[in-house]
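What follows is a single structure, written as structure tokens, with notes after it.
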Amino acid sequence: MQTEVLQETERPVFPFTAIVGQEEMKLALLLNVIDPKIGGVMIMGDRGTGKSTTVRALVDLLPEIEVVEDDAFNSDPRDPELMSEYVRNKVKNNEKISTIRTKINMVDLPLGATEDRVCGTIDIEKALTEGVKAFEPGLLAKANRGILYVDEVNLLDDHLVDVLLDSAASGWNTVEREGISISHPARFILIGSGNPEEGELRPQLLDRFGMHAQVGTVKDAELRVKIVEQRTSFDQNPKVFRDSYQSSQDNLSSQINEARERLPKVKIDYALRVNISRICAELNVDGLRGDIVTNRASKALAALRGRFEVTPKDIMTVIPLCLRHRLRKDPLESIDSGLLVLEKFSQIFGYSTK
């Protein structure tokens, strides 16, 4: 009874399965939940297209994970790479660790956040007087094994974006002050959203996001009416609206859990991997991130669709999302870079993209 009252007093979240359209954005988010090593999503599009709503709706679908109780870093009781120093020492000394199951959490990064708020701070006075490493965890600690969401990421200070991307790539956050250094695990899915009219991210930062989803304003009048009606129904009675989508939410949540379990067994044929690399090479994609992310995303999609083998259609679905932001920009080119990727896919695979 107390739990039900608590849930009703929490801010209601729009159901993920009730979101109309924006399939590209929804797919990119789901694939990153299935395989966090894809490297996050950058969502770019017009204002008022449901970017923040969709990301926050993802929380309801996230599976539960086992964490060490009363640990600020959501430490994994079994994986040393995901343990804080305190938990690792307890494991080394064979001390008993109590664990609880909790939902994967999502942390919102406010635009005005300072580096100390993001990375955490070291209490120098306590360290010098008491000889202990007194660390006040930041948002990166809270986001470990979860999702870190940055709305309007293109307006965030470049230095902070660098810090976020470094932590997301390495899985660790290190804070150094006055000769004292503290590291803790910071494995999270980084999701950024923004409006291109307010400025683009630097190419070297954009490249660090695994996938890039584009969203646009819905032009179809009937679809727009449906979206407005959905939103009105939700605002009038969030509980009734959420209850009407509970079954589809549960189904999708089960699908995600099954896909996560299936993922390690999914195979991608050598010939398909060669073709993916040929596409990246012929499109002059710098580095190998494009190849790696496309392979990972294809496998995650196959797992989501209930298969153990990647097909060319899986690759065709994910490759624009994985490569469009890695192409060199031609100021005279008006065609969407995702279409250029699909043209190249069609040439190399001999597979119609229609």
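The values are calculated or read from the model by the stated rules, or taken from the named source; none is laboratory data. These numbers were taken from a predicted model, which means no experiment stands behind them. So basically every Cβ, Gly included, is an ideal-geometry build from the backbone, and we count neighbours across all protein chains shown.
Among the residues in region 220-234, are any of a type outside the set (V, I, T), closer than 30 Å to I315 by Cβ and either in a helix (DSSP H, G or I) or out of contact with any Cys (no Cβ under 8 Å at 6 or more places or on another chain) (or both)?
yes
Examine region 315-323 for a residue that is surrounded by fewer than 24 Cβ atoms within 10 Å (Cβ to Cβ) and touching a Lys or Arg at 6+ places or on another chain (Cβ under 9 Å), and state whether such a residue exists.
no
Residues are listed down the side, and each one gets a yes or a no for (1) in contact (Cβ under 8 Å) with a residue 40 or more places away in the chain; (2) within 30 Å of L288 (Cα to Cα):
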| position | (1), (2) |
| --- | --- |
| L160 | yes, yes |
| L165 | yes, yes |
| A186 | yes, yes |
| L190 | yes, yes |
| V228 | no, no |
| Q236 | no, no |
| S248 | yes, no |
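Identify all residues within region 224-278 that are surrounded by 12 or more Cβ atoms within 10 Å (Cβ to Cβ), closer than 30 Å to E343 by Cβ and of a type in the set (V, I, T); write none if there are none.
V266, I268, I276
Which residue, of T17, T54, T99, is of a type in the set (S, T, Y), in contact (Cβ under 8 Å) with a residue 24 or more places away in the chain, touching a helix residue (DSSP H, G or I) at 6+ places or on another chain (Cβ under 8 Å) and not assigned by TED's automatic domain parsing to the domain that holds G199?
Of T17, T54, T99, the one residue that is of a type in the set (S, T, Y), in contact (Cβ under 8 Å) with a residue 24 or more places away in the chain, touching a helix residue (DSSP H, G or I) at 6+ places or on another chain (Cβ under 8 Å) and not assigned by TED's automatic domain parsing to the domain that holds G199 is T17.
Please go through region 294-314 and pick out each residue that is within 21 Å of Q347 (Cβ to Cβ) and either among the β-branched types (V, I, T) or crowded, with 19+ Cβ neighbours inside 10 Å (or both).
Those that are within 21 Å of Q347 (Cβ to Cβ) and either among the β-branched types (V, I, T) or crowded, with 19+ Cβ neighbours inside 10 Å (or both): T294, N295, A297, S298, V310, T311, D314.
Is there a residue in region 280-293 that is farther than 23 Å from I43 by Cβ, in contact (Cβ under 8 Å) with a residue 12 or more places away in the chain and not acidic (D, E)?
From region 280-293, those farther than 23 Å from I43 by Cβ are 281-282, 284, 288; that's our starting set.
Next, only the ones that are in contact (Cβ under 8 Å) with a residue 12 or more places away in the chain stay: 282, 284.
Now narrow it down to the ones that are not acidic (D, E): 284.
Looking for residues that are farther than 23 Å from I43 by Cβ, in contact (Cβ under 8 Å) with a residue 12 or more places away in the chain and not acidic (D, E), one finds at least one in region 280-293, hence yes.
Looking at G40, G45 in this structure, which one is touching a Phe, Trp or Tyr at 6+ places or on another chain (Cβ under 9 Å), surrounded by 15 or more Cβ atoms within 10 Å (Cβ to Cβ) and under 21 Å from L206 (Cα atoms)?
Answer to the check: G40.
Out of the helices (runs of 4 or more DSSP H) lying entirely within region 1-106, which hold 1 or more residues that are at pLDDT 85 or above, within 30 Å of D314 (Cβ to Cβ) and among the aliphatic types (A, V, I, L, M)? First the steps, then the outcome.
Numbers: elements: 2-9, 23-34, 51-57, 85-92.
In region 1-106, 23-34, 51-57 are the helices (runs of 4 or more DSSP H) which contain 1 or more residues that are at pLDDT 85 or above, within 30 Å of D314 (Cβ to Cβ) and among the aliphatic types (A, V, I, L, M).
Here are the criteria: (1) surrounded by fewer than 15 Cβ atoms within 10 Å (Cβ to Cβ); (2) over 21 Å from P203 (Cα atoms). Tell me which single one A281 does not satisfy.
So the condition that A281 fails would be (2).
Pull out all pairs, ordered by first then second residue, where Cβ-Cβ is under 6 Å, the residues are six or more apart or on different chains, the first lies in region 131-149 and is part of a helix (DSSP H, G or I), and the second is small (G, A, S) and modelled with pLDDT of 85 or more.
L140/A186
Residues A302, A271: which one is more than 30 Å from R202 (Cβ to Cβ), within 21 Å of the chain's Cα centre (by Cα) and hydrophobic (A, V, I, L, M, F, W, C)?
Just one listed residue meets the conditions, A302.
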